[in-house]
Structure formats: C-alpha cells, structure tokens
C-alpha cells in the first residue's frame with residue numbers, strides 16, 4: 001500500500017452464505033471461470049455462491065457464525081500511518097468495501113513487532129483489543145505455547161530504521177520473518193495462509209525461495225501492493241488473452257518504494273495478455289535528458305504517455321498557478337516540471353515492450369496506458385488513491401487478504417509480486433552499473449493470471 005503522505009512529500013470477505021440461484025427449467029448454468037496456472041492452491045471446500053440480488057437487497061442473515069479465525073501479526077513497526085496500522089486496524093474494527101462495512105470473521109490474537117519507535121501503538125492496541133505482544137516470531141505464532149496456534153499470518157515489513165544496500169534498497173527483514181514462520185510450519189507439520197505486505201523481498205532470489213516454500217508446504221501466499229486492487233478511473237480491465245503491442249505506466253515518488261507500486265500496477269494489467277506471463281528478457285534504467293531522447297527515438301511511446309497523462313487529476317505547474325488546462329507533453333511543460341525523470345525500460349521474453357516513467361514534479365497520480373493489437377486508440381486508466389489518513393484503497397487489499405483467509409485460496413498468484421521484485425532489483429542494478437542494458441535470463445517466471453477481475457469496482 002503506498003504511503004500517501006510519503007508520496008506527496010516526495011513529489012512523494014466477510015463470507016456471506018446464501019441459497020443457490022434457481023434457474024428456469026431447461027436453462028444451462030453459465031460456465032465457471034477459474035484461474036489457470038499460477039500458485040498451486042490447496043483443495044478447499046467452498047461455501048455455496050450467494051443468491052443473485054439487486055444493489056438494494058441485503059443477503060439473508062446466516063443461521064450460524066463460525067468461530068473467528070485467529071490471526072498473528074508480524075510487523076517491523078506499528079505506528080500512526082504505518083502499513084501495520086492501516087492493515088491491522090481494519091482487522092480489529094472492520095473496513096468499508098463495496099458500499100458496506102465489512103466485519104471480518106477474524107481475531108488478532110498475537111503480535112510481534114521488531115521496533116518500537118516514538119509513537120508506537122502496539123502496546124495500546126494490545127491493551128484495547130485484548131491480544132498479546134510476544135518477543136519472537138515463533139512465540140507469536142504459537143501464542144506462547146508449544147504448538148502453532150493461529151489460523152493465518154500477516155507479515156508487514158514496511159517502515160522502521162533499517163540499513164540500505166548499494167542499490168538504495170532498504171533491507172526490511174521480510175524474508176527473515178517469513179522464514180521464521182516456515183520453521184514453525186515445518187516443526188508443526190502443518191501450515192496456514194500468509195499475507196506478505198508489498199515486496200516479498202528486496203532480493204529476487206529470496207523472493208523465489210519464499211514462493212517455492214509456499215508450493216512445497218502447500219499454503220496460500222498473497223503479497224504485493226494495493227494499487228492492483230484499488231479503483232480504476234475509468235474502470236478498465238484488459239480483455240483476457242488480448243495481444244498487447246506496448247504498455248506504459250507513469251508514477252511518482254522515490255525508489256525503491258514507489259516505483260515498486262507502479263511496476264506492480266503495470267504488471268497486473270499486462271499479465272492478462274495472450275499466453276500469460278513468460279518472463280523478462282532485459283531491463284534498462286535511464287535518467288535525466290536520456291529519458292526524453294529515448295522517447296524521441298521511439299524506445300517508449302509518446303502517444304501512450306499522452307494517454308496516461310490524460311487520466312491524471314493532478315497536473316502541477318501552471319494549472320496550480322492560474323487554473324489553466326495544460327497539454328503537458330505537447331507544450332513541453334512536462335520536461336520543465338520533471339527535473340529528474342527516470343525510465344524503466346522492460347523487454348519481456350514474448351516481445352512485449354513496457355515502460356515505467358517516474359515523473360516527479362509533473363503529476364501526483366499513477367496512470368497506465370497500452371496499445372492493443374487491432375485497436376487504433378490506446379486504452380488507459382488511473383489507479384485511484386484516496387487521501388490520508390483513511391487511505392480507503394488499503395481496505396481493498398484487506399478484502400483480498402480476508403478472502404484468502406476465509407477460502408484458503410490466494411485471489412492472485414504470488415508470482416506476480418515475485419517477478420516485480422526481480423524487475424525492480426534488475427533495474428536498480430542497471431542504474432548502479434552506469435545505466436547499462438542488462439539481460440535477465442534469471443527472470444524466467446511463468447504464470448497465468450486469474451481470469452476474474454480483483455480490483456474494486458463498486
């Protein structure tokens with residue numbers, strides 16, 4: 001989930017069981033669409049589908065309610081506007097989603113927090129909601145006892161005082177926290193669903209090991225950004241199996257925090273292309289005037305940039321001075337406003353070209369555009385981010401975590417996050433090595449995106 005406050009400065013289910021739908025005699029049921037490929041999913045018993053209803057109708061009250069699922073939270077910090085506060089608070093009190101207040105059938109029973117800086121809220125939340133704060137990850141998963149004692153785990157390794165590596169990546173201990181959970185699973189001989197916030201790890205190899213662990217032990221793993229599941233303006237979903245000739249994303253903020261969000265937003269769109277995801281052949285990160293020169297040379301599409309900019313609601317510069325409408329690209333104002341542009345040039349193994357443009361100073365939105373084969377005009381949208389402190393787009397991701405905990409199935413594969421991990425790390429290595437183009441044979445990630453849409457629509 002993007003830290004909206006940080007972004008501005010730098011630029012900066014409940015499961016409802018209903019009766020089965022009755023069809024007229026002689027009618028045929030519509031075919032059920034299922035995700036293909038991706039993360040191996042355990043066999044689960046699903047509740048019957050809710051009965052069809054209008055927007056004003058309410059589902060019938062369930063005749064019973066199962067015991068709440070017990071959650072363990074593993075976090076780096078728990079303070080105001082931290083990711084832990086945004087996500088865990090929603091499991092404590094509920095969250096708004098699809099025009100109603102969702103009260104997840106879960107109970108936070110334990111917390112491990114690695115750091116307690118000024119403004120720490122962990123002790124207050126524990127006292128208010130009646131859960132324990134434990135000194136180790138293993139004790140939090142076992143609730144102080146000898147055995148695994150929770151039904152789900154939320155890992156939030158974001159924020160806190162941690163060192164950075166030579167690539168500028170903050171070394172959050174997401175991998176280390178995850179592996180400690182795996183050790184408890186192995187000792188117990190069973191596992192539970194895990195949500196890992198944002199990156200799996202700063203390292204692609206560590207991320208790959210984490211995904212391999214979930215396959216090996218057979219537990220659902222959900223990870224990533226809130227951008228893929230927030231609202232889109234307009235409500236765009238690329239046709240499943242479409243042919244994409246080129247894609248472009250614009251984003252704002254610093255690296256490697258906000259560029260990660262932008263890359264995953266782009267990935268959730270292009271993974272629906274014909275043949276699914278097959279991996280990345282090469283990457284290059286360029287900066288400064290070379291970015292605009294690359295556009296003039298056709299290495300990225302100016303028309304797609306124009307389409308993406310047209311979806312932004314936050315143009316800077318003259319618009320803020322006197323309210324005028326601006327053609328940022330055509331007038332040349334974009335080049336004046338963006339002092340340090342960066343272009344992430346990505347070539348996929350199937351021939352698709354995709355570009356992320358980080359354009360701090362020009363806009364404050366994350367927007368996408370693509371050219372589809374057989375269509376003259378580009379398609380485009382904005383990934384809507386509501387303001388702090390509510391950041392209601394985080395509720396969209398909590399709804400997906402809730403869904404996984406309830407069903408035992410991750411709504412979309414962790415391989416999406418894994419390949420974005422790899423793309424970002426390789427792009428940063430390109431930058432660190434003098435902005436050279438790097439071949440990426442190790443990014444041989446294959447998966448099929450789910451056919452269903454998982455972004456907020458109501």
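The values are calculated or read from the model by the stated rules, or taken from the named source; none is laboratory data. Since we're looking at a predicted model, the values are computed, not measured. Reconstructed Cβ throughout: ideal geometry from the backbone, glycine too, with neighbour counts over all protein chains shown.
So the values come out like this:
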{"read-out": "Qualifying residue in segment 77-87 (condition: within 16 Å of residue 151 (Cβ to Cβ), surrounded by 15 or more Cβ atoms within 10 Å (Cβ to Cβ) and at pLDDT 95 or above)", "value": "no"}
{"read-out": "Selection from segment 187-209 of residues that are under 21 Å from residue 428 (Cα atoms) and part of a helix (DSSP H, G or I)", "value": "204, 205, 206, 207, 208, 209"}
{"read-out": "Condition met for residue 279 (in contact with a helix residue (DSSP H, G or I) (Cβ under 8 Å, 6 or more places away or on another chain), at positive phi and at pLDDT 95 or above)", "value": "yes"}
{"read-out": "Qualifying position, being surrounded by fewer than 23 Cβ atoms within 10 Å (Cβ to Cβ), under 24 Å from the mean Cα position of the chain (by Cα) and under 26 Å from residue 287 (Cβ atoms), among 386, 312", "value": "312"}
{"read-out": "Test for residue 295: is it in contact with a helix residue (DSSP H, G or I) (Cβ under 8 Å, 6 or more places away or on another chain), crowded, with 16+ Cβ neighbours inside 10 Å and under 11 Å from residue 358 (Cα atoms)", "value": "no"}
{"read-out": "Residue list for segment 210-238, restricted to those being closer than 21 Å to residue 458 by Cβ and assigned to a loop (DSSP other than H, G, I, E, B)", "value": "225, 226, 230, 231, 234, 235, 236, 237, 238"}
{"read-out": "Sole residue being assigned by TED's automatic domain parsing to the domain that holds residue 264, in contact with a helix residue (DSSP H, G or I) (Cβ under 6 Å, 6 or more places away or on another chain) and within 30 Å of residue 458 (Cβ to Cβ), chosen from 200, 248", "value": "248"}
{"read-out": "One residue from 443, 438 being in contact with a helix residue (DSSP H, G or I) (Cβ under 8 Å, 6 or more places away or on another chain), surrounded by fewer than 22 Cβ atoms within 10 Å (Cβ to Cβ) and over 30 Å from residue 80 (Cα atoms)", "value": "438"}
{"read-out": "Single unsatisfied condition, residue 112 versus (1) over 30 Å from residue 231 (Cα atoms); (2) in a helix (DSSP H, G or I)", "value": "(2)"}
{"read-out": "Matching residues in segment 372-383 - criterion: being within 23 Å of the chain's Cα centre (by Cα) and closer than 13 Å to residue 248 by Cβ", "value": "379, 380, 381"}
{"read-out": "Residues being more than 27 Å from residue 441 (Cβ to Cβ) and surrounded by 24 or more Cβ atoms within 10 Å (Cβ to Cβ) - total across segment 195-218", "value": "2"}
{"read-out": "Any hit, segment 305-314, residues being assigned to a loop (DSSP other than H, G, I, E, B) and on the phi > 0 side of the Ramachandran plot", "value": "no"}
{"read-out": "Top-ranked residue of segment 166-194 - restricted to ones that are under 22 Å from residue 259 (Cβ atoms) and touching a helix residue (DSSP H, G or I) at 6+ places or on another chain (Cβ under 9 Å), ranked as surrounded by the fewest Cβ atoms within 10 Å (Cβ to Cβ)", "value": "166"}
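Rundown of residues vs (1) more than 19 Å from residue 421 (Cα to Cα); (2) part of a helix (DSSP H, G or I); (3) modelled with pLDDT of 95 or more; (4) under 28 Å from the mean Cα position of the chain (by Cα), yes/no style:
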| site | (1), (2), (3), (4) |
| --- | --- |
| 127 | yes, yes, yes, no |
| 135 | yes, no, yes, no |
| 138 | yes, yes, yes, yes |
| 146 | yes, no, yes, no |
| 150 | yes, no, yes, yes |
| 158 | no, no, no, yes |
| 161 | yes, no, yes, yes |
| 167 | no, no, yes, yes |
